[in-house]
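To start, the structure under review is shown below, and the notes come after it.
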Amino acid sequence: MSIKPAFTELEIAKSPSGFYEGYSLPIALISKTIMVALVVWALVWPGNASSVLSAVNGSLLNGFNSFYIVSVGFFAFFLFVLAILPATGSKKLGTADTVPEFSNFSWFSMMFGAGLGVGLMVFATAEPLGLWGSNPVVLSGEVAANSAEAVQSAYRYTFLHYGFHAWAIYVLTGLSLAYYAYTREMPLTIRSALTPLLGKAANGFLGHLVDVLGVVATILGVSVTIGFGVSQFVDGVYAVSGMEWLMNGDAEAPKPSTVGLIAALLVIMGLSILSAVSGVGRGIKYLSNLNLVLSVILLLTFVLFGSFFFAMTKFGAGLVDYILHFILHFAQLSFGAYAPQSAEAFAAALPEAAQALPAEDVAAIYGSATSPWGSLSGFTEGLPAAAAELDAEAVYAAGEQGRQFGWQAGWTTFYWAWWIAFSPFVGLFLARISKGRTVREFIFGCVIAPAIVCFLWMTILGGTAIDLELNGDAAGSLIGATNTAKLFATLEQMISGGFLSAITIMCVVLIMTFLVTSADSGILVMNTIMSGGEQETGIKHRIIWGLILTAVIGALIIAGNSGAEANPFGALQNAMIIGALPFTIVMVFMMISLTKALYRDSVRAKLG
């Protein structure tokens with residue numbers, strides 16, 4: 001039996017001189033053209049950009065929601081199979097004598113740094129609180145929203161969104177990049193992961209296209225992260241300073257204003273660009289250490305002054321519940337995708353008495369019965385007079401498929417798209433720090449350890465917020481706060497006086513350093529992809545991509561606030577989900593390519 005040698009002659013044509021010296025001209029120009037066109041569109045026609053992005057995103061979710069859900073389910077299943085199988089799990093990322101570059105402690109510490117970022121600062125309280133009021137178990141009518149009985153299911157889906165499936169997305173990209181970089185000595189860039197399928201075509205247009213999709217996904221994923229972080233930064237500065245111009249002027253529900261968001265964005269991105277070009281970027285290691293120290297102080301504040309015992313009971317119960325569902329109900333948790341429910345299908349599912357209602361009443365019932373943010377009690381109160389005598393529970397049950405689809409598209413699919421868009425960034429980072437590790441070490445270490453940290457963070461901070469609402473101390477103030485303000489609203493309920501001011505200032509500093517390091521690292525990753533895997537890239541290109549990233553975030557925030565339903569992050573989120581779809585397809589091919597590479601390399605090893 002004979003087998004051809006693996007294709008490793010990846011030659012990414014780079015400009016030999018001039019402004020783009022050392023860079024792939026097609027990748028740089030195509031990526032910049034796409035991003036500049038998006039910025040111009042969002043600034044010149046903000047309302048049109050917002051409505052079109054929303055319409056396209058809605059159409060994509062209707063058609064591709066199942067694709068997102070099933071793909072991520074396969075990513076998790078594929079990685080755990082690789083780790084368990086002796087032949088693949090023991091394979092080393094490097095030659096037989098390669099030793100890990102970092103100790104286990106340093107390796108885990110850096111992974112924690114990747115997991116404890118802006119997303120956790122924003123959603124540590126917002127995610128559990130939001131899912132406490134709306135999750136599949138609540139929508140099925142089994143438990144009431146915001147009740148003690150709903151806490152367990154809230155954490156089941158919190159852990160789903162920040163657990164094994166989520167980290168499997170990062171790890172699939174990271175493992176693919178690391179395998180080809182360290183076992184086949186190929187460039188650390190996206191197209192390398194598809195060479196078993198593309199072969200020599202990876203050196204041409206198809207290779208350029210794959211890298212462009214990686215750059216676009218990274219820009220949009222980082223943009224959403226920075227957008228949320230900037231909003232929380234504004235909330236924190238407002239909590240400390242009380243500067244009214246930062247907010248929208250609504251005394252009942254203050255939210256960061258467009259002016260406040262843009263001002264904060266310019267400050268954060270200015271610092272990030274300065275860090276990237278002045279050599280301060282080399283201090284990211286020290287900033288990461290500072291982040292870790294400040295994170296521990298924040299965590300200890302919740303341990304000492306929050307509902308720590310309540311949180312730990314929920315952590316234990318939630319972890320067992322999540323693992324049992326992950327193992328025993330893997331098919332439903334991983335592959336249970338919902339399709340949209342049409343008005344006709346809803347009408348056909350209604351009880352006979354409800355089908356006789358006037359068309360306008362049926363349409364009104366359809367809208368409320370399929371809303372993933374409503375509850376049975378709210379639905380019953382909002383029934384039209386003509387439907388007052390109907391069995392409200394039976395009518396509400398007819399819309400369950402629509403509710404479940406709306407919830408899944410708004411929560412799980414959004415998260416999967418976000419993690420996918422962010423995966424070139426984090427995957428590249430995980431690959432860089434994992435040389436010399438076995439496939440099994442890489443998968444279990446980079447999936448399980450960071451997920452457990454996320455779970456602890458979510459239960460200690462989020463559990464305190466839920467307990468404050470359950471015992472009546474918060475009186476709905478935490479549920480009513482915006483997602484980016486929930487952390488500060490929870491702190492106000494826990495502590496007061498000078499200590500509250502000090503912790504709030506510390507949180508603002510922590511958010512700022514997380515944002516600066518995330519943006520700085522994102523800029524470097526984009527330049528790495530465009531330079532064919534080079535880790536040292538030109539300063540002028542870091543400045544340009546920093547400015548483009550700033551423009552993309554600012555333009556989409558303006559477009560979001562110009563839409564029919566003003567939402568500063570609406571256009572950002574829609575653009576990100578749209579941009580993540582092509583890269584999801586790339587990741588599916590990465591999985592197929594890695595399967596082929598592992599099998600054929602195993603055969604080559606047996607044949608000597």
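The values are calculated or read from the model by the stated rules, or taken from the named source; none is laboratory data. Keep in mind the model is a prediction, meaning the values are calculated, not measured. Positions of Cβ are generated from backbone atoms using ideal geometry, with glycine treated the same way; all protein chains shown enter the neighbour counts. The protein model used for the area step is the full one, side chains on, heavy atoms only, and it has no ligands, DNA or RNA in it. Shrake-Rupley method; radii C 1.70, N 1.55, O 1.52, S 1.80 Å.
Quick one: in region 88-106, of everything that is surrounded by fewer than 14 Cβ atoms within 10 Å (Cβ to Cβ) and modelled with pLDDT under 90, which residue is farthest from Ala168 (Cα to Cα)?
Going through the qualifying residues, I end up with Asp97.
Applying the selection to region 133-155, what residues are buried (at least 24 other Cβ atoms within 10 Å of the Cβ) and in contact with an Asp or Glu (Cβ under 8 Å, 6 or more places away or on another chain)?
Across region 133-155, the qualifying residues are Leu139, Tyr155.
Out of the residues in region 377-401 meeting the condition of being within 29 Å of Ile577 (Cβ to Cβ) and touching a residue at least 40 places away in the same chain (Cβ under 8 Å), tell me which one is surrounded by the most Cβ atoms within 10 Å (Cβ to Cβ).
Within region 377-401, the match that is surrounded by the most Cβ atoms within 10 Å (Cβ to Cβ) is Gly399.
Test Tyr322 against the stated conditions and say whether it is under 22 Å from Pro136 (Cβ atoms), open to solvent by 60 Å² or more (accessible area, probe 1.4 Å) and modelled with pLDDT of 90 or more. Break it down into steps so the answer makes sense when it comes.
Values: under 22 Å from Pro136 (Cβ atoms): yes; open to solvent by 60 Å² or more (accessible area, probe 1.4 Å): no; modelled with pLDDT of 90 or more: yes.
Here the answer is no, as Tyr322 does not meet what is asked.
Considering every residue within region 371-383, establish whether at least one is assigned to a helix (DSSP H, G or I), more than 18 Å from Leu172 (Cα to Cα) and in contact with a Leu (Cβ under 9 Å, 6 or more places away or on another chain). Don't jump to the end; show me each part of the working.
Going residue by residue through region 371-383, those that are assigned to a helix (DSSP H, G or I) are 376-381.
From what's left, more than 18 Å from Leu172 (Cα to Cα): 376-381.
From what's left, in contact with a Leu (Cβ under 9 Å, 6 or more places away or on another chain): none.
Within region 371-383, none of the residues are assigned to a helix (DSSP H, G or I), more than 18 Å from Leu172 (Cα to Cα) and in contact with a Leu (Cβ under 9 Å, 6 or more places away or on another chain).
Which residues, taken from region 534-562, are open to solvent by less than 20 Å² (accessible area, probe 1.4 Å) and in a loop (DSSP other than H, G, I, E, B)?
Passing the criteria: only Thr537.
Looking only at region 12-26, filter to residues that are assigned to a loop (DSSP other than H, G, I, E, B) and open to solvent by less than 50 Å² (accessible area, probe 1.4 Å); which one of those is farthest from Leu198 (Cα to Cα)?
Narrowing region 12-26 to residues assigned to a loop (DSSP other than H, G, I, E, B): 12-14, 16-20, 22-24.
Filter once more, so that each one left must be open to solvent by less than 50 Å² (accessible area, probe 1.4 Å): 12, 20, 22-24.
Working: Ile12: 14, Tyr20: 26, Gly22: 24, Tyr23: 22, Ser24: 19 Å.
Filtering region 12-26 for residues that are assigned to a loop (DSSP other than H, G, I, E, B) and open to solvent by less than 50 Å² (accessible area, probe 1.4 Å), the one farthest from Leu198 (Cα to Cα) comes out as Tyr20.
What's the number of the condition Phe309 fails, among (1) among the hydrophobic types (A, V, I, L, M, F, W, C); (2) within 30 Å of Gly214 (Cβ to Cβ); (3) out of contact with any helix residue (DSSP H, G or I) (no Cβ under 8 Å at 6 or more places or on another chain)?
(2)
Looking only at residues that are modelled with pLDDT of 90 or more and within 20 Å of Asp235 (Cα to Cα) in region 112-132, which one is surrounded by the most Cβ atoms within 10 Å (Cβ to Cβ)?
Applying the filter and picking the extreme gives Ala124.
Which number in (1) farther than 30 Å from Phe330 by Cβ; (2) assigned to a helix (DSSP H, G or I) marks the one condition that Thr8 misses?
It fails just one condition, (2).
Could you check Gly306 against (1) under 23 Å from the mean Cα position of the chain (by Cα); (2) closer than 19 Å to Tyr155 by Cα; (3) surrounded by 19 or more Cβ atoms within 10 Å (Cβ to Cβ); (4) not hydrophobic (A, V, I, L, M, F, W, C) and say which number it fails?
All conditions are met except number (1).
For region 513-520, check the following and say yes or no: at least one residue is open to solvent by less than 10 Å² (accessible area, probe 1.4 Å) and of a type in the set (Gly, Ala, Ser).
Checking region 513-520: at least one residue is open to solvent by less than 10 Å² (accessible area, probe 1.4 Å) and of a type in the set (Gly, Ala, Ser).
Test Ile69 against the stated conditions and say whether it is surrounded by fewer than 18 Cβ atoms within 10 Å (Cβ to Cβ) and touching a helix residue (DSSP H, G or I) at 6+ places or on another chain (Cβ under 7 Å).
Details: surrounded by fewer than 18 Cβ atoms within 10 Å (Cβ to Cβ): no; touching a helix residue (DSSP H, G or I) at 6+ places or on another chain (Cβ under 7 Å): yes.
Criteria not met by Ile69.
Checking Tyr170 against (1) out of contact with any Pro (no Cβ under 8 Å at 6 or more places or on another chain); (2) over 30 Å from Met458 (Cα atoms); (3) among the aromatic types (Phe, Trp, Tyr), which single condition isn't satisfied?
If we test Tyr170 against (1) out of contact with any Pro (no Cβ under 8 Å at 6 or more places or on another chain); (2) over 30 Å from Met458 (Cα atoms); (3) among the aromatic types (Phe, Trp, Tyr), just (2) comes out false.
In this structure, does Ala345 turn out to be open to solvent by 10 Å² or more (accessible area, probe 1.4 Å), out of contact with any helix residue (DSSP H, G or I) (no Cβ under 7 Å at 6 or more places or on another chain) and at pLDDT below 90?
No; evaluated as a whole, the condition is false for this residue.
Filter region 27-38 down to the residues that are without any contact (Cβ under 8 Å) to a residue 60 or more places away in the chain and surrounded by 11 or more Cβ atoms within 10 Å (Cβ to Cβ), then identify the one that is farthest from Leu549 (Cα to Cα). Let's see the steps before the verdict.
Of the residues in region 27-38, the ones without any contact (Cβ under 8 Å) to a residue 60 or more places away in the chain are 29, 33, 37.
Retained after the next criterion (residues that are surrounded by 11 or more Cβ atoms within 10 Å (Cβ to Cβ)): 29, 33.
Details: Leu29: 15, Thr33: 13 Å.
Looking at residues that are without any contact (Cβ under 8 Å) to a residue 60 or more places away in the chain and surrounded by 11 or more Cβ atoms within 10 Å (Cβ to Cβ), I get Leu29.
Tally time: how many residues in region 227-281 are outside any helix (DSSP H, G or I) and under 22 Å from Leu487 (Cα atoms)?
Summing the residues that are outside any helix (DSSP H, G or I) and under 22 Å from Leu487 (Cα atoms) in region 227-281 gives 13.
When you look at Gly406, is it in contact with a strand residue (DSSP E or B) (Cβ under 9 Å, 6 or more places away or on another chain) and either touching a residue at least 24 places away in the same chain (Cβ under 8 Å) or farther than 23 Å from Met576 by Cβ (or both), yes or no?
Judged against the criteria, Gly406 is not a match.
Taking region 495-553 as the search range and keeping residues that are among the acidic types (Asp, Glu) and in contact (Cβ under 8 Å) with a residue 24 or more places away in the chain, which one is farthest from Tyr23 (Cα to Cα)?
From region 495-553, those among the acidic types (Asp, Glu) are 520, 534, 536; that's our starting set.
Subset that is in contact (Cβ under 8 Å) with a residue 24 or more places away in the chain: 520, 534.
Details: Asp520: 19, Glu534: 9 Å.
Only one residue tops the list, namely Asp520.
So if I check each of Leu294, Leu300, Leu290, Leu261, which one is among the aliphatic types (A, V, I, L, M), at pLDDT 90 or above and touching a helix residue (DSSP H, G or I) at 6+ places or on another chain (Cβ under 9 Å)?
Unique residue meeting the criteria: Leu261.
Report yes if some residue within region 39-53 is under 20 Å from the mean Cα position of the chain (by Cα) and buried (at least 20 other Cβ atoms within 10 Å of the Cβ); otherwise report no.
Scanning region 39-53, I find at least one residue that is under 20 Å from the mean Cα position of the chain (by Cα) and buried (at least 20 other Cβ atoms within 10 Å of the Cβ), so the answer is yes.
In this structure, is Val362 free of Cβ contacts under 8 Å to residues at least 24 places away in the same chain and open to solvent by 30 Å² or more (accessible area, probe 1.4 Å)?
It is false that Val362 is free of Cβ contacts under 8 Å to residues at least 24 places away in the same chain and open to solvent by 30 Å² or more (accessible area, probe 1.4 Å).
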